Amino acid sequence: MDLKAILDVSASALTAERTRLDTISSNIANSRATRTPEGGAYKRKMPVFSAVEATNDPFASVLADKMRKPVVTEIVEDQRPGQMVHDPGHPDADPETGMVELPNVSVLEEMVDMMSASRSYEANVTAISATKAMALKALEIGR
């Protein structure tokens, strides 16, 4: 397998995981926001990953054909409803019922996602380091 293709896949994964971490941090920062420019409570956002071809060479090995680069295609809003709480003194409370819709963000869920994204990021950094070490060893053999 081409070392550049391995680096391309890992670099693409790093970018995707960084986007995932940015989205998670935005969700945590807005976990109590009851008013947004669009109106209503903040809705949790999630990146959607997809895979693209890592190589265009039709004669590549089976492994290279199966290898894909992860990319973020879009960021979608979670459609789960937010929690309704009774707080008539809140500025965003319904005047008739006194109910306020809170964001559908679970800080616990976001922290678990953040740990998963961090581990994935670390794994890709390790893959890049291993690829670099292999390339250096190959250069040493050539001396």
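The values are calculated or read from the model by the stated rules, or taken from the named source; none is laboratory data. Bear in mind that the values here come from a model prediction, so they are computed numbers and not experimental data. Please note: Cβ atoms are built from the backbone with ideal geometry, for glycine as well, and neighbour counts cover all protein chains shown.
Restricted to the stretch 93-132, and to residues there that are in a helix (DSSP H, G or I) and acidic (Asp, Glu), the residue that is farthest from Ile6 (Cα to Cα) is Glu109.
Taking the criterion of being modelled with pLDDT under 95, within 22 Å of Ala127 (Cβ to Cβ) and among the charged types (D, E, K, R), the only residue of the stretch 21-53 that qualifies is Glu53.
Candidates are the residues of the stretch 112-143 that are within 30 Å of His90 (Cβ to Cβ) and touching a residue at least 12 places away in the same chain (Cβ under 8 Å); the one that is surrounded by the fewest Cβ atoms within 10 Å (Cβ to Cβ) is Met114. Contact map, the stretch 19-30: first residue acidic (Asp, Glu), second residue crowded, with 16+ Cβ neighbours inside 10 Å, Cβ cut-off under 9 Å, separation 6 or more or different chains; pairs are Asp22/Pro47.
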